[in-house]
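The values are calculated or read from the model by the stated rules, or taken from the named source; none is laboratory data. Only a predicted model underlies this, so the values are computations on that prediction, with no experimental measurement involved. Neighbour counts run over all protein chains shown; Cβ positions are idealised from the backbone, glycine included. When the accessible area is computed, the model is the full protein with side chains, heavy atoms only, and any ligands, DNA or RNA have been set aside. Shrake-Rupley method; radii C 1.70, N 1.55, O 1.52, S 1.80 Å.
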Amino acid sequence: MTTDAPELLALQRRMAAAVMRPLTRDEQMRRRDENNRSIADEADDFIKPNDRLSSFERLEIYNRQYWFRLFSSFEEDFPGLRSIVGTKRFERLMRAYLHAHPSSSFTLRNLGSSLVSWLTENREYGAPDTDAAIAMAALEWAHIEAFDNEQRPALTAEEAAALDDNSRLALQPYLRLFEASCAVDDALIAVREASAGASAQASNAVAIHLVRRTRSLKPAPGQIYLAVHRHEDSVYYKRLALEDYSLLRALESGVSLGDAIEAAFQQSAIAEEDRPAHIQSAFHYLMQMGWLCTPKENDL
Amino acid sequence: MPANRFNAFTEYGVGIGLRVPHYRHILEKKPVVDWFEIISENYMVDSGRPLTVLDQILDQYRVVQHGVSMYFGSAEPFSREHMRRIKDLVRRTRTPWLSDHLCWGSVDGTYTHDLLPMPYTFEAARRTAEKIREAQDFLEIPIAVENVSSYAEFHISQMTEWEFLNEVVEQADCGILLDVNNIYVSSQNHNFDPKDYIEAVPADRVAQIHIAGHSKFEKYILDTHDHPVLDPVWALYARAIERCGPTATLLEWDDSIPTFDEVHAEALKANRYLNSQAALAESA
Ligand SMILES: [Fe+2]
C-alpha cells in the first residue's frame, strides 16, 4: 500500500504556500511574506536559479500562473456579479474570496461554491448594493449547477396518480429555486448577451488575464421567484408565481404533499375557491417539465 | 512501439484534442479524424451538454481520455470521489488507455490547478509510482504518464528529469505519453540537450506522443498551446518516431484556437514522419 514521502510532502507544502500567496497590486510576486521574511531568500532556499532567471523569478512564473488561471475561471463564472459591483470592486472581491476559499476540488467548476456564503459574511465586498450582489452571485451559482447537475428519472403519470396528502416528492437536482428583491435574471441575461462569444475550455496552457472595464449596473427593483433549470441542455430562468415557488420550496424541504400545498398558499392572495384549480394547473406544469421525482432513500 | 501493452495494442493514427469551439463543426460535418483526445475533467460531470456532446462524438469516433488533475506526484492520497468519477467516465468512453501528467498540483486537499514540477528524488519516484499502480489497479486500464513543461528545478533533485521518468515508469510498470514540445520547452528553460532526453526514453513504453506549439519570451519559454508546432519540435518528433515506430500522435491546441480544418491540417503534418517510418519498417 502507500507509504509516506515526508520530504516530498514538505516541499509541496512549501511550494504551494508560495504559489498561492496573493500577488501585489501590479500582479508581481510579493517581496515579503506574512511574517515579513524575504521571499527571495525563501525561493533561493529550495529553487535553483539558472543563467537567465533567479530562484525568485522562476517561482514567480508559477505564482502568477496560479492566480491568472483562477481569475479567468472566476471571471467567466460571475460576469453578472462584476456588472453589479463594477470592475474595480470585483477585482478586490475576487482576490479576497479566492484567498479565503482556494479550490478544494479537482475541477474549477466548483471554484465559486462558497461565494454566496462568503459574501454574506463579508458584505463590504458587495457594496454599494450588497443584497443585489449576493442575489446575482446566487443566480450565477445556480446557473452553474443547473448546467450539469444530475437529471433523475421524472415522476411518471402512474406514480403521480398514486400520490396522496402523505406522499413526499423530490425535485430534479438540476432545478434550483431562487428568490430576490430585484430583477437579477434580466440583468444577467443582458450581461450574457452583451458578452456572448467564446467560452474557453479548461486546458493546461496558460490563461491570459484580461481586464475589461465595466460600469456597475443596477438591476430593477421588485420581488422575483425563479426556477433555474435545464431543458435540452440549455439553462433557463423561469419566473414563478409566489404560490408555485412556495410549493416547490416546501416539497424540496421534504414535507408531505398535503403540507406543501398548504405552504403554497400561506401568503397567497388567491381566493380559497380558486386554489384547487391553481394546484391542478401547477402540477400539470411540473409534470410537463419533469421537475418532480421520487425521493431517494437517503433524501428522506 | 506503435502498438504495445501501454496503449492496449491499438494502432491509432493522428488525433486532435476535442475542444468546445469545434463541437458544431464536428457534429455537423463529421470530418474524418483518426481519434479525439478529451480532457477528462470537462466530462466528469453528472449530466448536461458536455455528456450529450461526448456521447454523440463517441457514436462516431475513437476517444482517448487525457486528464489534468490526477496528480500522480502529489504526496497526498487520491480523492475517492475523484477516482470514482474517472472510472465512470472510463466506462463511458471505453478509452483504451488513459493519460495524465507526471507532476503534482494539490496538497492537503487544496488544488492549484497547475501542473507543478516534481523534485527528481528517489522518494518522489517511489511515491509517484505507487500512486500510478494504485490508479491502474482501480481503473483497470493502462496508464501513460506525460512529461510536463517546467520553469523551475529544485535543489533536492538527485537525477535528471529523464532519469526520474525512467525510474517512475519502471517502478509503476506504466506507459509514457511523450510530449516532445514539453521536452523542448524544458530543455530551453533548464539548459539541457533535448536529444539526450529523447534518446533516454524507453521506446517500448511510449503509448502516445503529444505535439504542440509554445511561446518564446525573453528569458524563458512557456507551454501555451496556442501556435502551430515549431521546427525544433518537429525535429524531436522525427527522432522519437524513429526510435518508437509510428506511434499514436496528438496535436494539442488550447488557446487562440483556429478553425477545425486548420488544427487538423497542422496535426496531419505528423503523417510525413509516420508514413516514412512505416515504410521503413515494412522494407526492413
Ligand atoms: Fe501535452
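Quick notes on this structure:
- Sum of side-chain charges, B:R24 neighbourhood, beta-carbon under 15 Å (Lys, Arg +1; Asp, Glu -1): +1
- If R0 is 45 Å, the Cβ-Cβ spacing of A:R168 and B:R24 corresponds to a FRET efficiency of close to 0.60.
- Here the Debye sum runs over all C-alpha atoms of chain B as equal scatterers in vacuum, and log10 of I(q)/I(0) at q = 0.11, 0.14 Å⁻¹ comes out as -0.60, -1.02.
- Counts of other chain beta carbons within 10 angstrom of each beta carbon in peptide B:211-221 average 2.
- Shown are A:Y237, A:Y62, whose ranking by accessible area with a 1.4 Å probe and every protein chain present, most to least, is A:Y237, A:Y62.
- Whether the stretch A:1-155 is rounded, prolate or oblate, judged on the alpha carbon gyration tensor where a/c under 1.5 counts as rounded: oblate
- Positive minus negative residues near B:A270 (Lys, Arg vs Asp, Glu; Cβ under 13 Å): -1
- When the helices of the protein assembly as shown are scored as -39500 (n - 2.57) per DSSP H run of n ≥ 4 and the total is divided over every residue, the value at 222 nm lands at -14000 deg cm²/dmol.
- The candidates A:D164, A:D148, arranged from most to least accessible area with a 1.4 Å probe in the full protein assembly, appear as A:D164, A:D148.
- When the surface is traced with a 1.4 Å probe over the full set of protein chains, A:K238 keeps roughly 80 Å² accessible.
- Computed from the C-alpha gyration tensor, the three semi-axes of the ellipsoid equivalent to the stretch B:64-178 are 23, 15, 12 Å, from longest to shortest.
- Pairwise FRET efficiency - A:A100 versus A:Q280, Cβ, R0 = 41 Å, nearest 0.05: 0.30
- Fraction of accessible area attributable to carbon and sulfur, the stretch B:37-120 (%, probe 1.4 Å): 44
- Excluding ligands, DNA and RNA and using a 1.4 Å probe, chains A and B jointly bury around 5300 Å² of accessible surface, summed across both partners.
- Accessible surface, per residue, of the stretch A:78-299 when the full set of protein chains is kept, probe 1.4 Å, Å²: 50
- Here the extension length gained between A:A220 and A:E252 equals 8.7 nm, from 0.36 nm per residue of separation less the Cα-Cα distance.
- Applying a threshold of 26 Å to the alpha-carbon distances of A:K48/B:K195; B:K131/B:K195; A:K48/B:K269 flags B:K131/B:K195; A:K48/B:K269 as lying beyond it.
- Distant alpha-carbon pairs in the stretch A:1-71 (separation over 20 angstrom), percent: 32
- Accessible solvent surface per residue of chain B, calculated while the other protein chains remain in place, 1.4 angstrom probe, Å²: 36
- Euclidean distance of C-alpha centroids, the stretch B:214-284 and the stretch B:92-154, integer Å: 23
- Cα convex hull of chain A, projected area averaged across orientations, nm²: 21.4
- Relative contact order of chain A: 19 percent, from C-alpha pairs under 8 Å at least 6 residues apart in sequence.
- Three-way shape label, the stretch B:177-284, alpha-carbon gyration tensor, a/c 1.5: oblate
- Isotropically averaged projected area of the stretch B:1-90, using the convex hull of Cα atoms (one quarter of hull area), nm²: 7.1
- Signed unit charges on C-beta, dipole axis of the protein assembly as shown, positive-most listed residue A:Q65, B:I26, B:N42: A:Q65
- Of all complete DSSP H helices in chain A, those with a Cα span along the helix axis of 24 Å or greater and a mean Kyte-Doolittle hydropathy of -0.5 or more are A:130-148.
- Ratio Rg/Rh [Cα only; Rh per Kirkwood] for the protein assembly as shown: 1.01
- Antiparallel bridges, percent of DSSP beta bridges restricted to the stretch B:5-283 (to nearest 5): 15
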